[in-house]
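As structure tokens, the structure follows; a few thoughts come after it.
The values are calculated or read from the model by the stated rules, or taken from the named source; none is laboratory data. Just so we're clear, the structure is a prediction, and the values are computed from it rather than from any experiment. As a convention, Cβ positions derive from the backbone with ideal geometry for all residues, glycine included, and neighbour counts pool all protein chains shown.
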Amino acid sequence: MKRARNPKWSFVVMRGADKSVKQFHVSKRSVLAAPTAVVLAVSGCFAALQLKSAYELRHMEDQLSEQAAYFTQTVSGKDEAIVTLQQEIIQLSRQAQELETKVGELQELELKLKRFIDKYGSAVPQSGRSEPSGKKEAAVRKLSASSSSLYRSIAVQDTEQLALHAQRTGLDLQALGSMVDAMERSMGLTLLQAESTRAAVDGYPSEWPTRSKRLTSGFGYRSDPFTGRIAFHAGIDITGKLGDPVFSAADGTVEEIGFDASYGRYIVIEHIGGLQSAYMHLKQVTVSEGDLVAKGDKIALLGTSGRSTGPHLHFQIMQKNEPVNPLPFLAIVKED
């Protein structure tokens, strides 16, 4: 019995009417296997592309996760930096306000010094004077405004620039604060020296004791108006109107008030440096023993009590209980 031959497929290739014809014989199995192979090849390509895409997608996801973590950390760090800067700027603003307060206090000190200098002139030591505090105040206000501007621009400026700005502002405030503290100490010392000088100047009996400056008798030997004999006159006589005010020649303490047959009503005031001033022939005394009087204070009324030829003030200065010529003391007023 004969085996059946496998059927074959024939393919005829015709290249043209005048060309030869070629015929190919292909088995049925081959015809069925070819499409299967093509399908398998295409499926393999698709599977490879899917694997590659999945790998690249996973790699991109990992990169995105790393970048997200980095950005989250960066944003968190910047948020912390901004909070820190806000606190520093608030502190700087507080320091600027404190400096403005200090500048105000320094202005009060400077005003006191100016009043003193206007009154006593070159007698005040000048070495402790600093620059006008108005310039310092302007600098403080400028720094304060800069701090406020910095605070408002946090949301739009770079954090590093903010840090540098805050650091520079902090250094400026610190330097200005040190300068203000040094100026305050210097001006305080100058004020103490000025007060000491003021006490010394005001305690020196240089104020003319009456409105009138007309002398009727000087210091030294003269002819006594009652006896005609030569006698020592321990002070100066200043004529005036009855009841004119009599002023203290310097700061001091009223040491003695009394009445004498020759001196009439009189006052003795104790001053610094062992100096005393005496006011005699008074009509009325307006102070009491132990009172503290200032230079130029009214202490009595001009009169003619005691041994007197008419309304006048006998003014006398003693140094360690010895009478000295008052005119060199009172001449200070004229020289100034």
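General observations
- Candidate set from the stretch 216-252 (those that are of a type in the set (A, V, I, L, M) and within 19 Å of G306 (Cβ to Cβ)); member that is surrounded by the most Cβ atoms within 10 Å (Cβ to Cβ): V246
- Test: residue in the stretch 317-332 that is crowded, with 16+ Cβ neighbours inside 10 Å and under 18 Å from K241 (Cβ atoms): no
- Any hit, the stretch 283-299, residues being assigned by TED's automatic domain parsing to the domain that holds L330, under 11 Å from P209 (Cα atoms) and assigned to a strand (DSSP E or B): yes
- Long-range neighbours under 9 Å by Cβ, at least six apart or interchain, first residue modelled with pLDDT under 90 within the stretch 325-336, second loosely packed, with under 12 Cβ neighbours inside 10 Å: D336/G121
- Subset of the stretch 224-262 (residues that are closer than 19 Å to L275 by Cα and aromatic (F, W, Y)): F247
- Residue match in the stretch 41-52 (condition: in the same structural domain as D181 (by TED's automatic domain parsing) and charged (D, E, K, R)): no
- Of all residues making up the stretch 227-258, the number that are in a loop (DSSP other than H, G, I, E, B) and free of Cβ contacts under 8 Å to residues at least 24 places away in the same chain: 3
- Filtered residues of the stretch 259-278 (kept if touching a His at 6+ places or on another chain (Cβ under 9 Å) and either outside the structural domain of S305 (by TED's automatic domain parsing) or in a loop (DSSP other than H, G, I, E, B) (or both)): Y263
- Every pair of residues 6+ apart whose Cβ atoms lie under 8 Å, when the first sits in the stretch 96-114 and is free of Cβ contacts under 8 Å to residues at least 40 places away in the same chain while the second is crowded, with 18+ Cβ neighbours inside 10 Å: G104/E137; Q107/S133; Q107/E137
- Test: E256 is exposed (fewer than 13 other Cβ atoms within 10 Å of the Cβ) and either at pLDDT 90 or above or not assigned by TED's automatic domain parsing to the domain that holds H314 (or both): yes
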